[in-house]
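Taking it in order: structure first as structure tokens, then the write-up.
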Amino acid sequence: MTLNGCVSGDRAELPSASAHSSLTTNIDDYHYLIGPGDSLNVFVWRNPEISGSFVVRPDGMFTTSLVEDISASGRTPTQLARELEKVLSTYIRDPIVTVTVSGFIGPYSEQVRVIGEALEPKAVNYKENMTLLDLMIAVGGLTDFANGDDATLIRVENGAQRQYSVKLDTLVRDGDIGANVDLLPGDIVIIPEAWF
């Protein structure tokens with residue numbers, strides 16, 4: 001089997017991943033945004049036949065009984081409810097819609113990720129007023145081999161990735177709360193391994 005485009009000894013370089021800014025525009029007025037994989041409960045008052053539970057597809061869309069392919073990703077539940085009311089008004093007189101979310105996942109741009117020497121590296125849903133300490137608790141802390149004081153926080157600001165030093169050993173192992181920092185949706189924390 002041959003792979004087209006590959007030349008023996010030569011490897012093409014893929015472009016770097018795109019830097020996507022968080023959809024959250026004001027951290028002091030944070031609202032959860034719906035994302036692919038979220039479970040939505042849509043209640044249409046006096047219309048139980050079109051109410052129900054729906055899952056947001058990987059493309060950020062979902063379908064109800066009367067509405068095909070409506071975009072949910074990146075919207076608040078209230079914004080989505082108002083959009084559903086507009087669409088449903090074609091079929092129902094003065095619809096009243098409520099959207100609630102269960103099984104929170106959210107858009108990737110709103111998740112905080114930890115990779116490297118955390119006990120449980122993973123993506124974590126951003127929560128209002130989340131700090132670095134909250135994130136370290138969510139991932140179970142540092143491994144025995146972590147070089148936490150050489151960790152890096154990557155944040156997209158104005159469309160460009162910026163790197164910041166964070167002191168995880170100082171925060172987690174020494175208990176120095178002065179090393180705690182506020183997190184923003186979309187932050188990535190990279191924890192390197194210590195060289196002994």
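The values are calculated or read from the model by the stated rules, or taken from the named source; none is laboratory data. These figures come from a predicted structure and were not determined experimentally. All Cβ positions, even for glycine, are placed from backbone atoms using ideal geometry, and neighbour counts span all protein chains on display. Areas reflect the complete protein model, heavy atoms only, side chains present, ligands, DNA and RNA absent. Shrake-Rupley method; radii C 1.70, N 1.55, O 1.52, S 1.80 Å.
Summary table
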item	result
Accessible carbon and sulfur surface of the chain relative to its total accessible area, %, 1.4 Å	51 percent
Reachable aspartates and glutamates from Lys167, criterion Cα separation under 16 angstrom, eight or more residues apart if same chain	Glu117, Asp134, Asp144, Asp149, Asp150, Asp176, Asp182, Asp187, Glu193
Heavy-atom accessible area ranking, 1.4 Å probe, most first, across Glu120, Glu110	Glu120, Glu110
Area of Ile96 that stays accessible when all protein chains are in place (1.4 Å probe, Å², to 10)	80 Å²
P(r) of the chain over all Cα-Cα pairs, binned every 10 Å from zero, in whole percent	8, 28, 24, 20, 14, 5, 1, 0
Extension gain from Ser16 to Asp176, taking 0.36 nm per residue of separation minus the Cα-Cα distance	54.1 nm
Cα long-axis angle, helix 77-88 against the chain (0 to 90 degrees, to the nearest 10)	30 degrees
Accessible area in the full protein assembly, largest first, 1.4 Å probe, for Leu135, Leu184	Leu184, Leu135
Per-residue ³J(HN,Hα) for region 123-133, Karplus 6.51 cos²θ - 1.76 cosθ + 1.60, θ = phi - 60°, Hz, x for Gly and Pro	8, 10, 5, 5, 10, 3, 6, 5, 10, 4, 5
Per residue solvent-accessible surface (Å²) - region 142-184, probe of 1.4 Å	59 Å²
Debye, to nearest 20: dipole size of the chain, +1 on Lys, Arg Cβ, -1 on Asp, Glu Cβ	640 debye
Residues listed by number, region 46-75, amide nitrogen under 18 Å from Asp94 label point at 7 Å toward C-beta	46-48
Cα-Cα separations in region 18-131 greater than 24 Å, expressed as whole percent	32 percent
Stretchable slack from Asn47 to Ser165, in nm (0.36 nm times residue separation minus alpha-carbon distance)	37.1 nm
Gain on full stretching of the segment that runs from Arg57 to Phe145 - 0.36 nm per residue minus C-alpha separation	27.8 nm
Helix-only CD estimate at 222 nm, as mean residue ellipticity for the chain, using -39500 (n - 2.57) per DSSP H run (n ≥ 4)	-3000 deg cm²/dmol
